[in-house]
Each structure stands twice: as C-alpha cells, then as structure tokens.
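Have a look at the structure below, then the notes.
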Amino acid sequence: MINRREFIGTSIAAAATGSVASSAVGATHVSHAHQPSNGARFRLAYAPHFGMFSNHAPDDLDQLRFAADQGFWAWEDNGMKGRGAEFQEKAAAVMSERGIKMGIFVAADIDWRNPTLTTGRKDHRDKFVEQVKESVEVAKRINTKFCTIVPGTVAENIPEGIQMANVVEALKRACDVCADYGLVMVNEPLNWRDHPRLFLRYSDQAYAIMKAVNHPCCKILFDMYHQQVTEGNLIDNINRTWDEIGFFQIGDNPGRCEPGTGEVNYRNVFGHIARKAAESKREFILGMEHGNSKGGKEGELAVIQAYRDADSF
C-alpha cells in the first residue's frame, strides 16, 4: 500500500513525457456512449484505478468505460469508501454494464505513525471492527468481496509475539462481521523503505497470521512491489504463501510504475500466477497500484502497452 492519494497524483504530475511504442489500444477519446473495443480482453484481471486514465477520460465513470474499451475487466479504488453511496451505486452500475469486477477498497483508517491493532487496546480493536462492519455495506453497494487491511505500526514497548497475537485477535473479531456477506479482508505487508515501522512487512509473517486467524474472510494481499523491496524472490514466496493469498497488487521497482520500468520480470510472474491459478481453479484480481512513468495521454497509452507486453506470457 502506498500513501495513496499523494503518490498517484504526484507520480503522474511529475512524470516526464517520452516516446511510446505503437500499439493497438486505439482511440484517445472516450464519451458517455459505448466505445467499440480497442483491444482484446486481457488474460488476467488487471485492475486500474481512478486517475490512471484521466487524460483520456476526465470523468471518473468514463475512466471505467475507457478501461473496459482497452480490454481491462477489473478495477480497484482505495478511497471508494469515502466517495459516498450515490457515487458507489453509479460506479457499480457502470461496472456491471461493462463487465468489470470490483476489487479492493480500504476498509479501515490507517494510522501511519502510531500503533493501533498491535497494542491490544480494546478501543482500537472496537473501532477497527466497527469500520469493517461499515465496509461490509460499502462492499454490497459496489459488488465486491475484497477490502484492504493494514494492522498499523509496531508497538515498541510490546514483544513482537504479543503484538502478533493482538493483531490476530482483532482480525478474528472482524471476521465475525464479514462472514455473512463473505467480505474478505486482505492484509497487506508493506516495505519499510516507504513506510517505516509498520508491523506487517514480510510474506511469511503474513502467512503465519493468516494461519492463526484461520478464516476464509482473512487473506494476504501480496503486493509485488512491496515484497520485491522487502524480500525479493517473488515467485518462490508466492508459492510458499499461495493458499493464503487472496489478492495481488502490481508495481515495478524502483519507481513504482508500470511493468517494464524496473527490475521485475512481470511477464514471467504473471505467467506463473496464471498457470498456478488454473491448476488450483482459482481466479485473482491484480491491482495496478502504481503511478504512470510518463505524463499525459502518451503515458497512459504506455501503461496499456506495458500490460499488453507483460500479458503475452
């Protein structure tokens, strides 16, 4: 997870323009009317977010339509919970019309500096459970089964094992309010380079927590950008934690932009996920939680082409 509202806007605004390889992504205009498809449906459910295609479609709902025209069939929006019921219902209607699956939104407030769930304090736990309960209603409106959870920062004066037990207990309580609808809380390990002192940072640590919670409504959000920074060895660690992964997110390193701008061989990683998902009869949404490496419409077309290239496994 990035400090999302700041990162995406900043990375796009600051990006330099550059040349873009030609592609079949087609027209650079979108309207409220249905557009003919400009590209084949992607093999995997890569999920853009609001702002990623704003130069082609300034209106948020038209960004959904534009993305569908380019072959995307999933979406994510960290801030969806704060957008209000009216927008949520409109977005859900467009996604239903265009065959887009809604992915994650952030379910509970994140205190980036002070410990919360790691402390074991009842007031922190109760607030968290109440916010997850509210998020169930949001999930129903936007027709998703996924929300993001970040347990907060390290509590320096509490042993690590006790902190883990405190987080497990809070997640178990929240599972009780998720169970009837089946909302899955995907817990995201974050790297310390970008987010110092956050408690959850390793894939094996997340795996141990999920095994302790032992509930289908609590899984791992395997953000490949964060895990590349923290531990690398992506394919091996995906294999090791596979049965507890509920959602993936994408971002190349360094720079946290589209595939092909950094060191990760996303064509190989996506191919591995696709094969393993087919073998286990599972399907995943892969959130495009990154910035655009170039600005303007040209940069947006570069993002689409990057996914065409990486999707050719």
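We did not get these values from a lab; they are worked out from the coordinates using the rules stated. Source: prediction; values computed, not measured. Cβ atoms come from the backbone with ideal geometry, glycine included; neighbour counts cover every protein chain shown.
Holding the Cα-Cα limit at 26 Å, pick out from 122/219; 101/133; 90/127 the pairs that are longer than that. Let's see the in-between values first.
Numbers: 122/219 23 Å; 101/133 22 Å; 90/127 29 Å.
Those over the limit are 90/127.
Among the trypsin sites (Lys or Arg not before Pro) within region 217-313, which fall in a DSSP loop and have no more than 16 other Cβ atoms within 10 Å of their own Cβ?
Counting only loop positions with at most 16 other Cβ atoms within 10 Å, the trypsin sites (Lys or Arg not before Pro) in region 217-313 are 281, 282.
Give me the net charge for the shell around residue 203: Cβ to Cβ below 14 angstrom, other residues only, Lys and Arg +1, Asp and Glu -1.
-3
Treating only the Cα positions of the chain as identical point scatterers, give the base-10 log of I(q)/I(0) from the Debye formula at each q in 0.10 Å⁻¹.
-0.53
At a threshold of 8 angstrom on Cα-Cα distance, excluding pairs fewer than six apart, so keeping six or more, what relative contact order does region 172-313 reach in percent?
20 percent.
Around residue 230, with a cut-off of 13 angstrom between Cβ atoms, what is the net charge of the other residues, counting Lys and Arg +1 and Asp and Glu -1?
So the environment of residue 230 carries a net charge of -3.
What size of dipole, in debye to the nearest 20, comes out for region 39-310 about its Cα centre when the only charges are +1 on Lys and Arg C-beta atoms and -1 on Asp and Glu C-beta atoms?
Result for region 39-310 is approximately 440 debye, rounded to the nearest 20.
Within region 95-116, find all residues whose amide N lies under 15 Å from a label point positioned 7 Å from the Cα of residue 156 along Cα-to-beta-carbon.
Hits in region 95-116 for residue 156 at 15 Å: 113-116.
Taking θ = phi - 60°, what integer Hz values does the Karplus form 6.51 cos²θ - 1.76 cosθ + 1.60 yield along region 127-143, in sequence order, with x for Gly and Pro?
Once rounded to whole Hz, the list reads 4, 4, 4, 5, 5, 5, 4, 4, 5, 4, 5, 4, 4, 4, 5, 9, 6.
Would you tally the net charge around residue 214, using a Cβ to Cβ cut-off of less than 11 Å, leaving residue 214 out, and scoring K and R as +1, D and E as -1?
+1
Which residue, 67, 206, 40, has the most motion in a Gaussian network model of the chain that connects Cα atoms within less than 10 Å?
40
As a check on your grasp of the helix formula, calculate [θ] at 222 nm for the chain: sum -39500 (n - 2.57) over DSSP H runs of n ≥ 4, divide by the residue count, round to the nearest 500.
Dividing the helical sum by the residues of the chain leaves -13000 deg cm²/dmol.
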